[in-house]
Amino acid sequence: METDAMGTGRTAELPLPVGRSVPRSALSDAQLVPLLKAADEAAYEELLRRYETKIFSLARGLTRNDTDAQDVLQEACLSVFKHIKSFKGQSSLSTWIYRITANAALMRLRGRKKDERSVPIDDYLPQFDDTGHRVAALPDWHPAVDEMLLNKELGGLLRRWISELEPDYRLVFVMRDQEGLSNEEVAAALNLSVPAVKSRLHRARLYLRERAKRYVYGGGGD
Amino acid sequence: MQSCREVIDLLTEYLEGGLAAEGRRAFDAHMALCPACLEFLESVRKTRAAVSELRSSDLPAEMHRNLRDFLKRNLRAKAKNGRAARRAPRKRSRPS
């Protein structure tokens with residue numbers, strides 16, 4: 001058994017010794033690691049090919065800013081280069097890289113001025129009466145929201161609403177629902193339990209759904 | 001029967017396939033009788049599908065080039081330092 005390029009977090013077999021003639025693209029992440037430790041240029045090329053877009057996309061999702069995302073990508077690559085020797089393989093390579101990326105993005109977010117205010121997520125979660133029935137000030141959903149979602153008209157707004165999530169929720173939500181990592185990968189990358197990931201994900205999903213609904217009923221004012 | 005609140009609390013667990021058979025049956029039974037919750041579930045599914053479309057795949061070409069230049073510079077510097085370290089004469093320890 002070995003770790004695949006997507007890093008499922010499965011236990012890796014000991015990497016096979018490989019010579020210069022073996023195409024790096026044919027190797028698993030686990031097999032690339034010793035070559036990266038040996039500063040093999042082709043192995044680094046392959047690592048970039050596999051991860052640069054994923055890191056950039058994740059960084060952009062987290063920072064909501066192309067310049068910051070490029071800086072995060074560069075920092076993440078530098079960190080991999082500097083610290084690969086201390087990578088023990090306790091997590092998959094991909095998890096390790098996502099953790100580095102999330103940390104670099106968080107540092108950027110913390111360094112920002114407080115002009116980008118997060119919204120209180122609780123304001124957008126469903127309310128219930130004593131009998132457990134939902135109470136809503138607005139009708140529940142509108143076909144216009146479906147249409148806008150299907151026609152991708154809400155892309156820019158969805159990005160903005162996600163950017164207004166508190167960082168703890170945004171990290172989980174972007175990694176899981178936007179970038180498609182598994183709950184286990186997100187948990188490992190962020191040092192959270194899987195139930196904690198699911199709990200944040202759940203609240204973030206309900207928040208986003210509510211923002212889309214209120215946008216339609218609010219005539220674009222939300 | 002579960003209340004709407006209980007069902008909505010379990011919604012992500014349901015979507016993630018994390019409910020055991022009995023829990024799933026109870027969830028589905030509620031959905032069959034509660035159009036409002038069914039609509040809620042569908043609306044979360046649709047929002048989620050729209051979010052997955054936001055994934056970006058376009059790394060700026062300049063960044064792509066810069067990363068490779070950065071990589072080559074660092075690897076060459078590392079190789080140079082390694083060679084220099086190997087060439088450097090070792091200090092002899094003085095006989096006591």
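Quick one: which bits of the stretch A:182-219 get at least 20 Å² less accessible when the partner protein chains are in, versus the chain alone, with a 1.4 Å probe?
Those are A:198, A:202, A:205, A:206, A:208, A:209, which lose 20 Å² or more relative to the chain on its own.
Please flag any cysteine in the protein assembly as shown that has no other cysteine's Cβ under 4.7 angstrom from its own Cβ.
A:77, B:4
Net charge near residue A:135: determine it from the other residues with C-beta under 12 Å of the C-beta of residue A:135, scoring Lys and Arg +1 and Asp and Glu -1.
Numbers: positive: A:134, B:5; negative: A:129, A:130, A:140.
Its environment carries a net charge of -1.
Just check the stretch B:4-52 against the gyration tensor rule for me: Cα atoms, a ≥ b ≥ c as the square roots of the eigenvalues, rounded for a/c under 1.5, and otherwise prolate or oblate depending on whether a/b exceeds b/c. Could the numbers behind the result be given before it?
Values: a/c = 2.28, a/b = 1.32, b/c = 1.73.
The shape class here is oblate.
Report the accessible area of residue A:67, computed with a 1.4 Å probe over the heavy atoms of all protein chains in place, in Å² rounded to the nearest 10.
90
How big is the B/A interface in buried accessible area, both sides summed, 1.4 Å probe, to the nearest 100 Å²? Show your work: numbers first, answer last.
On the way: alone 8740 and 12650 Å², together 17090 Å².
Answer for the B-A pair: about 4300 Å² buried.
On the accessible surface of the protein assembly as shown, probed at 1.4 Å, how many percent belong to carbon and sulfur atoms?
Its accessible area is 51 percent carbon and sulfur atoms.
Quick one: of A:37/A:88; A:152/B:46; A:198/B:46; A:54/A:88; A:82/B:78, which pairs are farther than 20 Å apart, Cα to Cα? Please list the in-between numbers first.
Numbers: A:37/A:88 11 Å; A:152/B:46 11 Å; A:198/B:46 18 Å; A:54/A:88 22 Å; A:82/B:78 11 Å.
The answer is A:54/A:88.
Threshold 20 Å², probe 1.4 Å: give the residues of the stretch A:74-89, in number order, that are less accessible with all protein chains present than with their chain alone.
So the qualifying set is A:74, A:77, A:78, A:81.
Hydropathy first: keep DSSP H helices in chain A averaging at least -1.0 on Kyte-Doolittle, then drop any whose Cα extent along the axis falls short of 24 Å, and list what survives.
Numbers: long enough: A:41-63 (30 Å, -0.38); A:66-83 (25 Å, -0.26); A:93-111 (27 Å, 0.31); A:194-217 (35 Å, -0.77).
Result, helices passing both filters: A:41-63, A:66-83, A:93-111, A:194-217.
Tell me, what is the per residue accessible area of chain A in Å², probe radius 1.4 Å?
48
State the Kirkwood hydrodynamic radius of the protein assembly as shown in Å, one decimal place, computed from all pairs of distinct Cα atoms.
Values: mean 1/r = 0.0452 Å⁻¹.
Hydrodynamic radius (Kirkwood, Cα only) of the protein assembly as shown equals 22.1 Å.
Checking the a/c ratio against 1.5 first, then a/b against b/c, what shape does the Cα gyration tensor give for the stretch A:57-103? Show your work: numbers first, answer last.
On the way: a/c = 3.92, a/b = 1.87, b/c = 2.09.
Oblate shape, in that a/c is at least 1.5 and b/c is the bigger or equal ratio.
DSSP loop (so not H, G, I, E, B), at most 15 other Cβ within 10 Å: list which trypsin sites (Lys or Arg not before Pro) in the stretch A:20-110 pass both filters. Display every interim value, and only then the final one.
Working: sites: A:20, A:24, A:37, A:49, A:50, A:54, A:60, A:64, A:82, A:85, A:88, A:99, A:108, A:110; in loops: A:20, A:64, A:88.
Passing sites in the stretch A:20-110 are A:20, A:88.
Residues of the stretch A:134-155 losing 40 Å² or more of accessible area relative to the isolated chain, 1.4 Å probe, heavy atoms only?
With the partner chains in place, the stretch A:134-155 has these residues losing at least 40 Å²: A:134, A:141, A:149.
Using helices alone, I'd like the mean residue ellipticity at 222 nm for chain B: each DSSP H run of four-plus residues gives -39500 (n - 2.57), total over residue count, nearest 500.
On the way: 5 runs with 69 residues, N = 96.
So the helix-based figure for chain B works out to -23000 deg cm²/dmol.
When the helix-only estimate is applied to chain A (DSSP H runs of n ≥ 4, each -39,500 (n - 2.57), divided by the residue count), what is the mean residue ellipticity at 222 nm, nearest 500 deg cm²/dmol? Intermediate values should be presented prior to the final figure.
Working: 9 runs with 125 residues, N = 222.
Result for chain A: -18000 deg cm²/dmol, rounded to the nearest 500.
The values are calculated or read from the model by the stated rules, or taken from the named source; none is laboratory data. What you are looking at is a predicted structure, and each value in this text was computed from that prediction instead of being measured. So basically every Cβ, Gly included, is an ideal-geometry build from the backbone, and we count neighbours across all protein chains shown. With ligands, DNA and RNA removed, areas are computed over all heavy atoms of the protein, side chains included. Shrake-Rupley method; radii C 1.70, N 1.55, O 1.52, S 1.80 Å.
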